[in-house]
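One structure below.
Laboratory data are not the source of any read-out in this text; all were calculated from the coordinates shown. No experiment lies behind these values; they were computed from the predicted model shown. Positions of Cβ are backbone-derived with ideal geometry, glycine not excepted, and every protein chain shown enters the neighbour counts.
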Amino acid sequence: MPASSAADSIEPTHSTSSAPPPRKGFFRRLGPGLITGASDDDPSGIATYSQAGAQFGFTMLWVALFTLPLMAAIQEISARIGRVTGRGIAGNIRKHYPGWVLYPIILLLIVSNTINIGADIGAMGASVAALIGGWSLLYCAVFALAIVIVEVFISYRKFADIMKWLTVVLFAYIITAFRAHVPWRHALYYTIVPHIDWRNADYIAMFIAVLGTTISPYLFFWQASLETEEIRNNEKQEPLKAAPRQARRQFERIRIDTYAGMTVSNVVAYFIILTAAATIHPHWTQDSIRTAQEAAEALKPAAGRAASLIFALGIIGTGLLAVPVLAGSAAYAVGEALKWPTGLDRKPLDARGFYGVLAASTLIGLAINFPAFHINPIRALVWSAIINGIVAVPVMIITMLMFSRKKIMGPFTLTGKTLRVVGWIATAVMAAAAVGLFITWKS
């Protein structure tokens with residue numbers, strides 16, 4: 001079906017009799033959920049997980065298990081909203097809530113995503129320089145320009161296929177863990193038995209950082225918007241409010257896709273924490289790990305050069321996966337909020353504002369790495385985590401309220417009762433984490 005000219009233009013048409021599409025193979029059925037989950041393990045996230053394992057050892061392993069159902073629930077809810085309404089999160093907030101709710105969230109999302117993009121591009125450039133030598137800023141510039149060109153000039157379908165295959169690089173971190181000398185019985189104990197040191201402010205701060213890195217607001221915007229892309233790029237599909245007969249199969253696909261993506265994300269996070277705990281924690285000092293590339297270097301003495309090399313290559317691959325998602329989610333949010341034409345399936349001249357935001361956030365992120373701007377990338381990451389923690393709570397509250405409104409979800413308002421309960425639990429946990437973040441920051 002032809003693309004329309006507005007961000008929220010996938011309106012219900014009336015084809016309630018659309019026949020369900022034929023079933024596909026498992027990997028072919030994965031898409032928005034897999035890409036979203038895999039992109040969560042970006043270089044800045046790798047740095048956070050590495051620092052968690054290096055500083056606190058195996059006692060942080062349980063967090064990866066704990067966050068999986070919470071992350072999966074809020075992402076599935078976001079995807080359902082996109083599939084049912086044909087609009088992304090920002091488009092639905094704009095339509096059903098006042099501007100004073102929408103615009104501060106969008107502004108904070110852009111700031112946070114841009115800082116995160118800068119940190120990720122910096123880690124990618126530094127990793128290449130560490131592997132082959134040369135000027136890291138040059139590599140940063142090459143990565144940034146290549147990502148912008150791919151997102152602007154390659155069709156959505158090709159882009160989605162590239163992103164799906166890039167998720168394979170995440171297995172680098174699982175391989176690295178098996179090259180380290182892990183005391184598996186000890187690790188399994190701390191995976192199953194939660195350990196929280198309430199008297200240790202550093203431990204609580206790290207717990208909050210891991211939680212905020214795992215459940216990030218840009219992921220909600222991205223997955224919901226990708227569902228609208230899927231509708232636009234398939235003539236047989238429509239928003240479920242217009243084609244309710246497609247609902248059962250689409251909800252099944254969304255659940256499988258989302259849980260596959262979030263499981264990959266959390267398994268990789270688990271193995272990064274595990275590797276750092278086994279190799280770096282015994283020799284940990286305050287400055288052992290500050291960036292993802294420092295984690296790769298720190299692996300050499302204990303796990304060998306091969307493990308360090310695999311880890312560094314993984315940083316480059318995950319950066320290529322995450323930066324387009326960060327830039328794209330910002331572009332979708334701004335475009336939907338301002339009623340611009342949005343979508344990676346559109347030609348550049350047909351969606352200049354959308355692609356302009358995408359390019360600007362990437363290039364400004366690149367600029368953060370240049371000495372002229374005097375921006376400390378480590379401090380920038382700290383501020384990014386703080387902003388993410390602040391933004392996640394209102395976005396999750398509004399997302400949960402939208403999921404429960406008949407005006408938005410139509411006949412699907414009463415579906416997913418268990419999902420709704422887990423979604424509110426995830427929201428409460430993030431709200432508590434945000435409060436804890438301020439308490440810890442003050443202390």
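The Rg/Rh ratio of segment 213-281, with Rg taken over Cα atoms and Rh as the Kirkwood radius over Cα pairs, comes to 1.17.
Phi-derived couplings, Karplus 6.51 cos²θ - 1.76 cosθ + 1.60 at θ = phi - 60°, listed residue by residue for segment 61-69: 5, 4, 5, 4, 6, 5, 7, 4, x Hz, with x used for Gly and Pro.
For Gly86, the residues 5 or more places off, or on other chains, whose built amide H falls under 5 Å of its own are Leu240. Checking every one of the trypsin sites (Lys or Arg not before Pro) in segment 108-201 against DSSP loop status and a limit of 14 other Cβ atoms within 10 Å picks out Arg199.
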